[in-house]
Amino acid sequence: MERGAGGEVESKIHFDDTEVAFSYKSDRELRRANFIFSLVNHPFISSIATSLAKAGLALRLPIKGMIRSTVFGHFCGGETIDQSDRTIQTLFKFQVGTIFDFSAEGEHNEAGFDKAKEEILKTLEKAKNNPAIPFCVFKSTGLVNAVVLEKVQAKQSLSKEETEAFEHFQQRVDAICSKAHAYGVPMLIDAEDSWIQNPIDELVYSMMKKYNQQKAIVFNTYQMYRTDMLDNLRNAFHNAAMHNYYLGVKMVRGAYMEKEAERADKLDYPNPIHPTKQATDACFNKGLAFCVDNKQRVSLMCGSHNEYSNHYLAVLMEKHSMKNNDPRIWFAQLMGMSDNISFNLAKAGYNVAKYVPYGPVELVMPYLIRRADENTSVAGQSSRELTLIRKELHRRKLSRRLR
Ligand SMILES: Cc1cc2nc3c(=O)[nH]c(=O)nc-3n(C[C@H](O)[C@H](O)[C@H](O)COP(=O)(O)OP(=O)(O)OC[C@H]3O[C@@H](n4cnc5c(N)ncnc54)[C@H](O)[C@@H]3O)c2cc1C
C-alpha cells in the first residue's frame with residue numbers, strides 16, 4: 001500500500017494483469033471465451049443466437065452439446081453439483097472459492113419449490129467442511145411464487161392456498177438457514193424486485209436474529225441502486241446492534257433497473273432507483289465504507305464487477321489496518337466474468353469467491369441469456385471482457401514466440 005499525493009491511502013492492487021486473471025484457463029478455454037464474447041459483443045448476432053438457442057431447445061433439436069461446450073461451459077460449473085467438481089477444484093487452486101448457485105429456473109408450483117429447497121440443502125452438504133465452497137446462496141422466488149410475495153407486500157388479503165404457500169416459503173427458508181447454521185456455512189439470500197422485497201427482508205432479519213448470534217451466517221442483499229437502500233442498511237445495522245446479532249451484508253448495485261423503471265412508470269409511482277449511475281456508485285461506495293466502519297458487527301461481501309469499488313474496498317481495509325484475508329470481508333464476482341478482478345485480488349491474499357451457477361442446460365438458459373445481454377456492447381466498442389481476453393491471447397502468443 002502507498003500514500004497518495006493527497007495523503008490518502010492507495011491500494012497496490014491492480015486489475016490489469018491478464019496473465020494472473022486467466023491463469024486458470026487453458027489456451028483452448030481462452031479461445032472459447034474469445035469466441036463467446038466476440039459473439040455477444042454484437043447486439044444483432046447475440047439476439048439471433050439466443051433466439052435460435054431458445055427455439056432449438058424448445059423443438060428438442062440436438063443443440064445441448066453445442067451449448068454445453070460453449071456458453072454453458074464458460075459461465076456455469078456443470079449440470080449437477082458433482083459435475084461441477086472440476087470447476088470448484090480449478091478455482092480453488094488459485095484461492096478462489098465457489099458459491100454454488102442453483103440457477104435452474106424450474107416449475108413454479110409447490111412441488112417445484114420443494115425440489116429447489118432440497119437442491120439448496122444439497123449445496124450445503126457439499127459445502128460442509130469444504131473451504132473451496134465458502135458460501136451458499138438462494139433466490140426467494142425459487143422457493144415461492146412471486147405473486148404471493150407481491151400480495152403480502154401490498155397487504156392484500158391472501159386466499160387459503162396463498163396463506164399456506166407463504167407459510168411453506170417461511171418453513172423452507174428456515175430449514176435452509178437452520179442447516180447453514182448447523183454446518184457453519186454462510187448463506188447469501190439474493191435481492192429481487194422492490195415490490196416483493198419487503199417480506200423477503202422481514203424473513204431474512206428474523207433468520208439473522210435466530211442464527212447470527214455467534215457470527216454472520218445469514219446474509220441479506222442490499223441493492224444500492226435503490227434510493228432508500230443506504231438508510232435500510234443503517235437501520236439493519238441498528239436493529240442488529242439493538243438485538244445483539246451479527247449483520248451479514250451482501251452489497252450489489254442491483255440487476256433489475258429497467259423492470260423497476262417500467263413498473264413505476266406504468267403504475268405511476270416514483271422510480272425507486274437513483275436517477276444516475278453516479279448516484280448509484282456513490283451510494284454503493286458509501287455503503288462499503290459504512291460496513292467497514294462497523295466491522296465489529298458487520299460481515300461484508302462486495303458483489304461487484306466494478307473495478308473502482310473493488311479497489312476502494314481494498315483501500316478501506318488498509319485504512320482500517322485490516323489484513324487482506326480478514327474473514328469479515330469478501331469479494332465476489334460471477335463465474336466467467338471479471339476474472340481480472342477475482343484472480344488479482346485472490347493472488348494478493350484477499351478473500352474471493354465466484355458465483356458458480358449450475359443446473360440442466362435448458363433450465364439455465366434464462367441465466368445465460370441475461371449474461372449475453374449484459375455483455376453486449378454499446379456503440380460498437382469491445383466490452384472490457386473481450387479487450388482483456390484478447391490482450392491475454394496476444395501475450396501468450398508473444399511469450400510462445402520468445403520461448
Ligand atoms: C456476486 C454477485 C452477486 C449478485 N447478486 C445480486 C442480487 O442478489 N440481486 C441483484 O439485483 N443483483 C445481483 N447482482 C448483480 C448486480 O446487482 C449488478 O447488476 C452487476 O453486478 C453490475 O453492477 P457492478 O457493481 O458490477 O458494476 P457496474 O457495471 O459499474 O454497474 C452497473 C450497475 O449500475 C447501476 N446503474 C447503471 N446505470 C444506472 C443509471 N443510469 N442510474 C442508476 N443506476 C445505474 C445498475 O445497478 C447496474 O446494474 C450480483 C452480482 C454479483 C457479482
Selection count, the range 195-247, where residues are farther than 19 Å from residue 170 by Cα and either away from the ligand (no atom under 12 Å from the Cβ) or not aromatic (Phe, Trp, Tyr) (or both): 28
Residue in the range 133-141 that is surrounded by fewer than 13 Cβ atoms within 10 Å (Cβ to Cβ) and either modelled with pLDDT of 95 or more or among the polar types (S, T, N, Q) (or both) present: no
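Collect the residues in the range 270-303 that are within 16 Å of the ligand (Cβ to nearest atom), closer than 24 Å to residue 343 by Cβ and hydrophobic (A, V, I, L, M, F, W, C), keeping them in residue-number order.
From the range 270-303, those within 16 Å of the ligand (Cβ to nearest atom) are 270-289, 291, 299-303; that's our starting set.
Next, only the ones that are closer than 24 Å to residue 343 by Cβ stay: 281, 284-285, 288, 291, 299-303.
Residues satisfying the conditions are 284, 288, 291, 300, 301, 302.
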Residues that are under 23 Å from the mean Cα position of the chain (by Cα) and modelled with pLDDT of 85 or more, drawn from the range 35-54: 36, 37
Residue selected from the range 82-110 under the condition at pLDDT 95 or above and among the aliphatic types (A, V, I, L, M), by the criterion farthest from residue 324 (Cα to Cα): 88
Any pair with Cβ under 6 angstrom, 6 or more apart, that starts in the range 243-265 at a residue that is over 16 Å from residue 229 (Cβ atoms) and ends at one that is part of a helix (DSSP H, G or I) and modelled with pLDDT of 95 or more: 243/209; 245/208; 245/209
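Only one of these is within 23 Å of residue 351 (Cβ to Cβ) and touching a Cys at 6+ places or on another chain (Cβ under 6 Å): 246, 211. Name it.
Details: 246 fails: touching a Cys at 6+ places or on another chain (Cβ under 6 Å).
Checking each option against the conditions leaves just 211.
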Residue 149 being within 16 Å of the ligand (Cβ to nearest atom), over 16 Å from residue 117 (Cα atoms), surrounded by 13 or more Cβ atoms within 10 Å (Cβ to Cβ) and modelled with pLDDT of 95 or more: yes
In the range 133-163, the residues that are out of contact with any strand residue (DSSP E or B) (no Cβ under 6 Å at 6 or more places or on another chain) and touching a residue at least 40 places away in the same chain (Cβ under 8 Å): 138, 139, 140, 141, 142, 146, 149, 150, 152, 153, 154
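Restricting attention to the range 223-270, which residues are charged (D, E, K, R) and closer than 22 Å to residue 135 by Cβ? If you could, list the steps in order and put the result at the bottom.
First pass over the range 223-270, keeping only residues charged (D, E, K, R): 226, 228, 231, 234, 250, 253, 258-260, 262-263, 265-266, 268.
Those that are charged (D, E, K, R) and closer than 22 Å to residue 135 by Cβ: 250, 253.
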Long-range neighbours under 6 Å by Cβ, at least six apart or interchain, first residue over 11 Å from residue 287 (Cβ atoms) within the range 303-314, second within 8 Å of the ligand (Cβ to nearest atom) and part of a strand (DSSP E or B): 303/250; 303/252; 303/332; 305/333
Residue that is farthest from the ligand (Cβ to nearest atom), among those in the range 304-353 that are among the hydroxyl-bearing types (Ser, Thr, Tyr) and closer than 23 Å to residue 383 by Cβ: 312
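Output the residues belonging to the range 55-79 that are in a helix (DSSP H, G or I) and at pLDDT below 75.
As a first pass, look at the range 55-79 and keep what is in a helix (DSSP H, G or I): 55-58, 64-75.
Once the filter is applied, which keeps residues that are in a helix (DSSP H, G or I) and at pLDDT below 75, the range 55-79 yields only 57.
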Where a residue in the range 76-92 is farther than 19 Å from residue 21 by Cβ and its partner, wherever it lies, is among the charged types (D, E, K, R), with Cβ under 7 Å and at least six apart: 81/122; 81/126
Yes/no for residue 264 being within 14 Å of the ligand (Cβ to nearest atom), more than 30 Å from residue 12 (Cβ to Cβ), hydrophobic (A, V, I, L, M, F, W, C) and at pLDDT 95 or above: yes
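Going by what's in this entry, would residue 101 be described as assigned to a helix (DSSP H, G or I) and in contact (Cβ under 8 Å) with a residue 24 or more places away in the chain? Can you show your working first?
Details: assigned to a helix (DSSP H, G or I): no; in contact (Cβ under 8 Å) with a residue 24 or more places away in the chain: yes.
No, not satisfied.
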Output for the range 235-279, where each listed residue is over 26 Å from residue 305 (Cα atoms), among the small types (Gly, Ala, Ser) and touching a helix residue (DSSP H, G or I) at 6+ places or on another chain (Cβ under 8 Å): 240
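The values are calculated or read from the model by the stated rules, or taken from the named source; none is laboratory data. Note that this is a predicted model, so its numbers are computed, not measured. Neighbour counts run over all protein chains shown; Cβ positions are idealised from the backbone, glycine included.
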